[in-house]
Amino acid sequence: MKKTLLIVMVLLFASNNSFAQEQKYDWKKMKPEQRKELIQNMSPDDRMKLLKQFRENMMVEELEVAADEQAEFKNLFAEYQEKQNEIKKKFKTSEDYDNMSDEEAKQRLNESFEIGQQLLDNRRIYSQKFMKVIKPQQVLQMYQTEGKMRNKILDKKQDGSGKTLPQRRRP
């Protein structure tokens with residue numbers, strides 16, 4: 001997971017100009033090895049803060065959020081992400097499906113549906129909150145951009161041989 005996070009952060013930092021400008025480092029001018037070393041030397045908390053900040057700034061840039069709305073949007077986006085993560089943590093993963101009883105598998109399946117519904121409900125609630133700050137078109141674009149970022153991360157979870165590494169199961 002750390003390696004994947006590191007790779008994704010290096011890739012994403014290299015592609016985001018506004019984020020680089022806010023840091024004391026010029027991420028764009030740094031060589032990939034320099035970025036990697038810098039990120040590796042950060043504490044896990046600092047790496048997560050950096051990733052959180054990057055996501056917020058990427059969304060602001062991608063959605064072209066008005067300057068006077070950016071702080072409110074970033075706070076709301078961080079709150080939304082935190083709530084989504086709280087819901088996702090409720091899902092208990094298992095890779096040992098072959099040894100599950102039918103009843104246990106059905107129970108896990110139902111739990112995944114319930115958690116998926118909670119995630120959807122949370123998105124619906126926050127879409128209303130976001131529309132008080134940005135236009136409905138931007139909210140739709142935000143959710144699509146969020147999906148693109150998730151896909152980029154999953155695409156980077158490959159080792160050198162092209163094999164996909166085990167992924168965390170999502171409801």
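The accessible area of Arg55, taken with all protein chains in place and a 1.4 Å probe, comes to roughly 60 Å². Modelled spin labels at Lys52 and Asp96, positioned 7 Å past Cα toward Cβ, are 3.4 nm from each other. Taking every protein chain into account, the accessible area of segment 53-163 amounts to 65 square angstrom per residue (probe 1.4 Å).
In this model, which of Lys129/Lys152; Lys49/Lys83; Lys88/Lys135 are farther than 20 Å apart at the alpha-carbon? Cα-Cα > 20 Å for Lys129/Lys152; Lys88/Lys135; rest within.
Of the listed residues Glu62, Glu146, Glu33, the order by accessible area with a 1.4 Å probe, largest first, is Glu33, Glu62, Glu146.
Between segment 45-93 and segment 116-134, the C-alpha centres lie 13 angstrom from each other. Among the listed pairs Lys90/Lys148; Lys52/Lys89; Lys52/Lys74, those whose Cα-Cα separation exceeds 19 Å are Lys90/Lys148. Surface listing: Tyr143, Tyr97 arranged by accessible area from highest to lowest gives Tyr97, Tyr143, probe 1.4 Å.
The values are calculated or read from the model by the stated rules, or taken from the named source; none is laboratory data. Worth saying up front: this structure is predicted, and the values here are computed from it rather than measured. No Cβ is skipped: glycine too gets one built from the backbone with ideal geometry, and neighbour counts run over all protein chains shown. Only protein heavy atoms, including side chains, enter the accessible area calculation; ligands, DNA and RNA are left aside. Shrake-Rupley method; radii C 1.70, N 1.55, O 1.52, S 1.80 Å.
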